[in-house]
1. When every alpha-carbon pair in the range 230-390 is counted, what percent end up more than 19 Å apart?
2. Looking at the range 106-209, I'd like the Rg to Rh ratio, where Rg is from alpha-carbon atoms and Rh is Kirkwood's inverse mean 1/r.
3. Starting from the Cα gyration tensor of the range 127-174, take the square roots of the eigenvalues, sort them a ≥ b ≥ c, and report rounded, prolate or oblate (rounded when a/c is under 1.5, otherwise prolate if a/b is larger than b/c, else oblate).
4. Take peptides 228-234, 148-154 and line them up by average Cβ neighbours within 10 Å, highest first, as a rough protection proxy.
5. Arrange F123, F348 by Cβ neighbour counts within 10 Å, fewest through most, would you?
6. I need R298, R98 ordered by Cβ neighbour count within 10 Å, fewest first.
7. Under 37 °C and 0.692 mPa s, how fast does the range 190-264 diffuse according to Stokes-Einstein, given a Kirkwood radius computed over C-alpha pairs? Answer in µm²/s, whole number.
8. Once the Cβ-Cβ distance between E193 and V385 is put in as r, and R0 is 45 Å, what FRET efficiency do you end up with, to the nearest 0.05?
Amino acid sequence: MRGEINSATQKKCVDAEASRLMKTADPELMRAINRFHVMDAIRRFGPVSRVEISQFTELSPTTVSAITAALLDDRLIVPMQVGAVRDGGRGRPRVMLRLNPDAAHVVGVKLAPDQITVAATNFCADVLRTLALPIRIDRQTAAVIADLVEDGVRRCVADADLEMSDIYGVCVGLPGVVERAGGVCRQSPIFGERDVPFGADLAERLGVPASIDSDVNLVALAEHWFGQARGLNDFLVVSVDRSLGLGILHNGELFRGANGLGPDFGDLMVGPPRNGGGRLADVASEASVLGEAEALMRGGEHDAALRAGRGMALLLQRAADGDQRCIGLLAAAGKALGFAIANLITLFAPPKVIISGRTMTASEHFIGPLRETVAALLPPSLADVADIVVREWTDDIWVRGAAAMTLRDLYGAPWGTTGPAPIREPLAWIAGDS
């Protein structure tokens, strides 16, 4: 009985504190949050009416009307007249709202060990121009990589018939451990150095706000906006490449650690090292599998293919031809990753897990054992919760996700509340300059 009373008392205290915080919260912060939800509803469901926005966001019609009026003044959204409602013989067109694609332009960048991909997009994240620069950037210093990214961004912007003054933000996605709030890459296979302040360096070079993020977070956002997870507010994305990445969308927001930290999935421990376990990347990444495969295939007719960087393609072909050693390597990696994914499903219970990579995920010798391991390890209560989807991502979806990340920042920025907004000021706020 005492426990029930204490629990009820604690709940009342929590509710009272939450109410107090809501009443004393920064009004500008609350307005920015509400603006974001209205903008996001228009992006997701537009063209959409004010009544529908109110239903989607659970904001009052008065609040929605005030926010949309300011967004119309700021030219961030535009009205559309659709059909007519008859009332006493008079027709009144129904006003729908959609994003103004020309309200702002942003740039997304994807860094891979062997390529830089750049895309310029409009305010709706429609790709206007893309640029691919095949180059082994993992052999370059951070300063040289920044030079290459700067040149690629400027060239892509020019190819899109835009000026740098038209660009309101740049976001760079790369594998590794990224601290988004500070624009610092703590560790990545892209950089030989650690704790690289890449975001600040790029912003200074380009003269526009620049951010960096884990590449898998960006593709998770792209899946949420444009792909298989549209309409879902909870799902996981696992990327299988030379390294391993994990993106978690929970309650419609990307799950991050302190300072926006995005950890490296490959650092997850799959067992105590003394018992034959270790880091996930050491047993399930393409780099680890290829390292073991090259030891098996080195010598004779395969040396030329290995020197040309076609080791993974050769491994998959030999597995398809029935080579049991190659099949065993892929199966071991699939089982290790399946073990980790089963734990994630147990923890988050997502309705969907999206898995992709460059090459290894195309092999049933890898995906089959992964699925079997997940099915064997999940408790019966969660056996039918998560749908595991395997798909191939193009470079476009990565850079479009990077652009979407910058647009999310813009949607939540404190734009003017009346009249056309001086748009450069909100971007300074995003970058932390004011």
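Bear in mind that the values in this text are calculations on the coordinates, not laboratory data. Bear in mind the structure is a predicted one, so any value in this text is a computation, not a measurement. With ideal geometry, Cβ positions are generated from the backbone for all residues, glycine too; neighbour counts draw on all protein chains shown.
1. Details: 7237 of 12880 pairs.
Looking at the range 230-390, the distances longer than 19 Å represent 56 percent of pairs.
2. Ratio of gyration radius to Kirkwood radius: 0.95.
3. On the way: a/c = 2.25, a/b = 1.84, b/c = 1.22.
Prolate shape, in that a/c is at least 1.5 and a/b is the bigger ratio.
4. Working: 228-234: 14.3, 148-154: 19.4.
In descending order of packing, they fall as 148-154, 228-234.
5. Values: F123 22, F348 18.
Least crowded to most crowded, the residues run F348, F123.
6. Values: R298 11, R98 16.
Ranking R298, R98 by Cβ neighbours within 10 Å, fewest first, gives R298, R98.
7. Working: Rh = 13.8 Å.
Taking Rh from Cα pairs, D becomes 238 µm²/s.
8. Numbers: r = 41 Å, r/R0 = 0.92.
Efficiency at R0 = 45 Å is approximately 0.60.
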